[in-house]
Amino acid sequence: MYANQSHTNITVELQYQGLVGLVLFSILSTVPSCVFLFINGTMLFTLRSKPVFRETSRYILLYNLLFADTVNLAQSQLLYLIAACRIRLIYPVCGVLVMLSNVTIEISPLTLVVMSLERYVAVCYPLRHATIITIKNTEVAIIVVWAFSSLSVLTRVLLLLNFPFAELENLQMKDFCGKESMLLDPMSDLYDRAYTYFLFVLGGVTVTCSYIGVMVAARSASTDKASAKKARNTLLLHLVQLGLSLSSTIHNPFLTAISKVLDRIIIVRIQIILYVCITIFPRCLSALIYGIRDQTIRPVLMYHLCYRLVKIQTFTIVSFQIHCCS
């Protein structure tokens, strides 16, 4: 009897620790997500607030990158909270959420490729930059990026239709909704790996070649040294962003390897830490990089950030006073 009671106490204690850890890690992931969504939203507003941002190709591309990152961050946090609350969706709803997330995930590295080429042209062909990198060409490039990503998602949907959903008792998922949950067919998993590797190689080669081109151009006497140095640093940051955005390729194999030797609660905590480092942090990196480094964006961004913070604080104080008076 005492042994059974002790076993029950241990089970209850483990469940309590698991619940406390779940709540703690949910707060630790939700708070940074809300902060980064606020910063990204302010950055998006800033990039539409002045004509210089709306009529410059690099800022238009930055807006596209930031928009995709912000939508992906919101979707990722939504899926995380659904899983944390132990809510199991049906396959059609999960499929729509995951496919929409895949579009925004794939747009980020492709946009970084276009932004790297824009910096390469700006440094290596400064006299032709205005004729090559026009607003119209930039809009066409963005449309191609979205179309390419949408075509990839359409391919995933067609592969997903091969799964015999009619043989299932119901469409209720047995696991939590996520990208891996929708890889129901071996071909879907193979396509996902191949496409991710393709994006990584395409982005890595493009950014590296652009960096080498800028380095070679920097040695020319006719090249602006300051502009070349700034472009070189930007391309290095793009390479870091590319690596972080595609680091999900090592995420699942790593979790699979450690799941054989570690406890489930520890694995869940490691997974949450990786989620914060691999998913949340890279989605705000663009706003931080350009918001701090770009001399044109920084003063406008800081003004809007301070204005919004003061506005939120004022609203909170007024609401508190109204509540106290009532």
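The values are calculated or read from the model by the stated rules, or taken from the named source; none is laboratory data. On a predicted model such as this, the values are computed, not experimentally measured, just so you know. Cβ atoms come from the backbone with ideal geometry, glycine included; neighbour counts cover every protein chain shown.
Structure notes:
- From the options L112, L159, L117, L154, residue that is assigned to a helix (DSSP H, G or I) and out of contact with any helix residue (DSSP H, G or I) (no Cβ under 7 Å at 6 or more places or on another chain): L154
- All conditions in (1) within 30 Å of V205 (Cα to Cα); (2) at pLDDT below 90; (3) among the charged types (D, E, K, R) hold for R88, with the sole exception of (1).
- Where a residue in the stretch 43-59 is among the hydrophobic types (A, V, I, L, M, F, W, C) and its partner, wherever it lies, is modelled with pLDDT under 90 and loosely packed, with under 14 Cβ neighbours inside 10 Å, with Cβ under 9 Å and at least six apart: L47/R54; V52/T296; F53/T296
- Selection status of Y191, within 30 Å of Y290 (Cβ to Cβ), surrounded by 13 or more Cβ atoms within 10 Å (Cβ to Cβ), at pLDDT 80 or above and aromatic (F, W, Y): no
- Positions within the stretch 147-172 being at pLDDT below 85 and crowded, with 18+ Cβ neighbours inside 10 Å, in sequence order: L159, L160
- When the residues of the stretch 115-132 are filtered to those that are surrounded by fewer than 22 Cβ atoms within 10 Å (Cβ to Cβ) and of a type in the set (V, I, T), the one that is nearest to the chain's Cα centre (by Cα) is V121.
- Residue check, A194 under 30 Å from S57 (Cβ atoms) and among the small types (G, A, S): no
- Number of residues in the stretch 24-83 that are farther than 22 Å from I142 by Cα and small (G, A, S): the value is 5.
- Any hit, the stretch 125-133, residues being over 21 Å from Y59 (Cβ atoms), out of contact with any Leu (no Cβ under 9 Å at 6 or more places or on another chain), hydrophobic (A, V, I, L, M, F, W, C) and assigned to a loop (DSSP other than H, G, I, E, B): yes
- Selected residue [within 21 Å of L47 (Cα to Cα) and either out of contact with any strand residue (DSSP E or B) (no Cβ under 7 Å at 6 or more places or on another chain) or at pLDDT 70 or above (or both)] from L274, L262, L305: L305
- Per the listing L151, L202, L184, the residue uniquely among the hydrophobic types (A, V, I, L, M, F, W, C) and either at positive phi or in contact (Cβ under 8 Å) with a residue 40 or more places away in the chain (or both) is L202.
- Some residue of the stretch 77-84 being in contact (Cβ under 8 Å) with a residue 24 or more places away in the chain, in a helix (DSSP H, G or I) and closer than 26 Å to L151 by Cβ: yes
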